[in-house]
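S.K.: Below you'll find the structure I mean.
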Amino acid sequence: MTTTSSPVLSVRDLRVATIGSRPSEILKGISFDINPGEVVCLVGESGSGKSVTSLVTMDLLPEQELRATGGEVLLNGEDILRATPARTKALRGAEMAMIFQEPMTALNPVLRIGLQMEEVYMAHRDMSARDRRAAVLEAFASVQLPDPPRIYDSYPHQLSGGQRQRVMIAMALALKPRLLIADEPTTALDVTTQKQILTLIRQLQDENGTSVLFITHDMGVVVDIADRVCVMRKGEMMESGPVRELLAAPKTDYTKDLLAAIPSLTPPEPVESEDADIVLSVSGFSKEFRLGSALSRIMGRADHAVRAVDDVSFRLRRGRTLGIVGESGSGKSTVARCVMRLEEPSAGAMLLDGQDISHIQGAELMRARQRLQMVFQDPNRSLNPRIPILESLCEGPLNYGRDRAEIRERAVEIMETVGLDPEGLSRYPHQFSGGQRQRIAIARALLMDPEVIVADEAVSALDVSVQAQVLDLLDRIRRERNLSMLFITHDLRVAAQICDDVMVMQKGKVVEMGPASEVLSNPRHAYTAALIDAAPGRSWDFEAGRPVTEVQPA
């Protein structure tokens, strides 16, 4: 939806640099407009300057680190760069608002959701307490939150990820701002929740005539929500234009590379290996969590039991990758943690090369874990920030009594295997990019010479080009070393490209399982079909550069 009236947001030759003795330019003279009622997507890899652009617009740049050195940011004709802090504070919420990527970092964990929402009205409107509560409940209803009074009295941790993101949208749109900035608001969400959030933003934007600056690295999301798209790289604007024109005929090699990196929903031709040994066999796995507090037990209240995993069985053959897919709360990560014995299964058996390791302890468990290694979603959490990479890599083998000199030699080899310079062994995690840190996490797992790697959302936080590199790396290592891999993901495009077999989970149960080519091309269960139908960008054939002629319900 576009219009010829004056832009709501006009960015002209914007420049931002770091502060210090040797300043570095982060934004290098970018320009773009957002018209009334229009959705403009900023896309590009991490470090392209997308989020910095949004922070400048909101006047939220970290004062000790970055500063705008030139250009204009005009909101309804008013230059944000020359406005006083008091003025930009007044504009935030009333004229412009922002949805952040991670609502748990934006919401106060110790305040009820309703009180946090009321703060928006207290800052900008003269309203009675009764009117504020009524406005909050109405706002919650407008973003399709179930049972608004319950949401009002809840704390952030008592809501699902999708519900927390809806709360953030309600806060942002409470005062009907003319400009809404959404910074990666769906990156961490599963496909069905992501589709709901994108539909909601579009619906509210259409109803209110709000202009939207949508920041993402996911071109599938761009297809589903954008009117126009601007492609950024290293602080520069590479190209821009109407979304379908740009996707059909990209002008720069960088944009072409971004589009080529998007994994297809169509799995490659399967490689038969039905005669391979079964390296991991899980039968009748269940995991029940008992929730309750000491106070409730003193008062005689029984704990509440939640069955996160319910009678899950599967077999993983040597040299193959089994993908576990499903929404948040489906139990897929709990299965992974039970396989790694980070959680004790409540029932069931697990055989590793024929040995039952379901309930072993002590030295036996330690020996088994050498053959099972895990790559976590966030390497920032799994790598110790206070020790060099070499020490992180050596920690595991040293615990198993291996010689330090031998480990150092192996660490150099492994770094080269994962495509990193061995000279980086003396550096610390923060000195690497997100994709490089994930490669280091993979190297650490490989140094233990495992038979099975469990990868839990190992690429979900990476942009598409880095994601493609890490997926290629994992697949190459699997083939070269004849490793087996358990790959947990909510991204069906990723599952289609790396998994030989797929197991679909819903509410702790397995609803469908089989070769990826069958499950993802011809799903038998309605839930699997709904997951596929919700995948972003299904209306566009990225390989051919044209719309899909007819998208049948999966």
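Read-outs: derived from the displayed coordinates by stated rules, not from any lab. Since we're looking at a predicted model, the values are computed, not measured. Note that each Cβ is placed from the backbone with ideal geometry, even for glycine, and that neighbours are counted across all protein chains shown.
S.K.: Compute the length gained on full extension between ALA90 and ARG12: take 0.36 nm times their separation in residues and subtract their Cα-Cα distance, giving the result in nm to one decimal.
M.R.: Details: separation 78, 0.36 × 78 = 28.08 nm, distance 2.27 nm.
Additional length available on full extension: 25.8 nm.
S.K.: How far apart, in nanometres, would the label points at ALA276 and SER521 be if each is projected 7 angstrom from Cα along the Cα-to-Cβ direction?
M.R.: 1.9 nm
S.K.: Based on DSSP H runs of at least 4 residues, each adding -39500 (n - 2.57), what is the mean residue ellipticity at 222 nm of the chain after dividing by all its residues, to the nearest 500 deg cm²/dmol? Intermediate results must be reported in sequence, preceding the final value.
M.R.: Numbers: 22 runs with 209 residues, N = 554.
Computed mean residue ellipticity for the chain: -11000 deg cm²/dmol.
S.K.: Do any trypsin sites (Lys or Arg not before Pro) in the range 507-539 lie in a DSSP loop with no more than 15 other beta carbon atoms within 10 Å, and if so, which?
M.R.: Answer in residue order: LYS507, ARG524.
S.K.: Another question, then. Restricting to DSSP loop positions (anything but H, G, I, E, B) with no more than 11 other Cβ atoms inside 10 Å of their own Cβ, which trypsin sites (Lys or Arg not before Pro) remain in the range 384-456?
M.R.: Qualifying residues, ordered by number: ARG386.
S.K.: Restricting attention to the range 13-96, which GluC sites (Glu not before Pro) occupy a DSSP loop and are surrounded by at most 15 other Cβ atoms within 10 Å? Provide the component values of the computation, followed by the final result.
M.R.: Details: sites: GLU25, GLU38, GLU45, GLU63, GLU65, GLU72, GLU78, GLU95; in loops: GLU38, GLU45, GLU63, GLU65, GLU95.
Here the sparse-neighbourhood loop sites are GLU63, GLU65.
S.K.: Turning to a different aspect of this structure: Restricting to lysines 8 or more places apart or on different chains, can you count the pairs in the chain with Cα atoms under 26 Å from each other?
M.R.: Taking the Cα cut-off of 26 Å, the pair count is 23.
S.K.: Which value in Å does the Kirkwood hydrodynamic radius of the range 104-176 take, with 1/r averaged over all unlike C-alpha pairs and then inverted?
M.R.: Every distinct Cα pair counted, the radius reaches 12.0 Å.
S.K.: What is the calculated FRET efficiency for VAL548 to GLU269, with r their C-beta to C-beta distance and R₀ = 25 Å, to the nearest 0.05?
M.R.: Working: r = 21 Å, r/R0 = 0.84.
That pair, VAL548 with GLU269, gives E of 0.75.
S.K.: Using the C-alpha gyration tensor of the range 416-460, what are the square roots of 5 times its eigenvalues, in whole angstrom, with the largest one first?
M.R.: 19, 14, 8
S.K.: How much of the DSSP beta bridge set in the chain is antiparallel, as a percent to the nearest 5?
M.R.: Close to 55 percent.
S.K.: Mean shadow of the range 361-437, computed from the convex hull of its alpha carbons, in nm²?
M.R.: 5.7 nm²
S.K.: Which whole number in µm²/s is D for the chain by Stokes-Einstein, with the Kirkwood Rh taken over Cα pairs at 20 °C and 1.002 mPa s?
M.R.: Value of D from the Cα-based Kirkwood radius: 84 µm²/s.
S.K.: Separate question: Simple spin-label model, 7 Å along Cα-to-Cβ: ASP147 to ARG202 in nm?
M.R.: In this crude spin-label approximation the distance works out to 3.0 nm.
S.K.: Over the chain, calculate the relative contact order: mean separation of alpha carbon pairs under 8 Å at least 6 apart, over the residue count, as a percent.
M.R.: 16 percent
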